[in-house]
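The values are calculated or read from the model by the stated rules, or taken from the named source; none is laboratory data. Model, not experiment: these values are computed from the prediction. Here the Cβ positions follow ideal geometry from the backbone for every residue, glycine too, while neighbour counts run over all protein chains shown.
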Amino acid sequence: MNTARMKSVMILYGDTSAVLAGTIGVSPQTFSAKINERNGAEFTQGEISKIKERYNLSPEEIDSIFFNEKVS
């Protein structure tokens with residue numbers, strides 16, 4: 001996951017983590033674990049779909065945020 005890209009989209013729309021967590025139906029703690037990929041936490045397809053709708057993201061933007069390959 002490209003956390004910096006996700007956070008930049010949130011900032012662009014004036015959302016906080018708590019606001020987006022409520023929008024997708026998870027607690028702020030769960031959202032934090034997912035965005036920071038702690039303990040194997042990942043966004044579900046349904047959550048990604050809600051984020052896509054909220055921010056009107058293109059398929060390419062979704063790929064760049066959620067399916068970004070980490071390269072050392």
Filtered residues of the stretch 1-57 (kept if in a loop (DSSP other than H, G, I, E, B) and of a type in the set (S, T, N, Q)): Asn2, Thr16, Ser27, Asn36, Thr44, Asn56
Close pairs (8 angstrom Cβ cut-off, 6 or more residues apart or separate chains): farther than 16 Å from Ala18 by Cβ in the stretch 30-47, modelled with pLDDT of 95 or more and part of a loop (DSSP other than H, G, I, E, B) anywhere: none
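Yes/no matrix, rows are residues, columns are (1) of a type in the set (Ser, Thr, Tyr); (2) at pLDDT below 95:
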site	(1), (2)
Tyr13	yes, no
Val19	no, no
Glu37	no, yes
Asn56	no, no
Scan of the stretch 12-35 for residues that are within 20 Å of Asp63 (Cβ to Cβ) and either surrounded by 13 or more Cβ atoms within 10 Å (Cβ to Cβ) or of a type outside the set (Ser, Thr, Tyr) (or both), ordered by number: Leu12, Leu20, Ile24, Lys34, Ile35
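Residue-by-condition table, conditions (1) within 12 Å of Met6 (Cβ to Cβ); (2) touching a Lys or Arg at 6+ places or on another chain (Cβ under 9 Å):
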residue	(1), (2)
Ile35	yes, yes
Phe43	yes, yes
Glu53	no, no
Leu57	yes, no
Ile62	yes, yes
Asn68	yes, yes
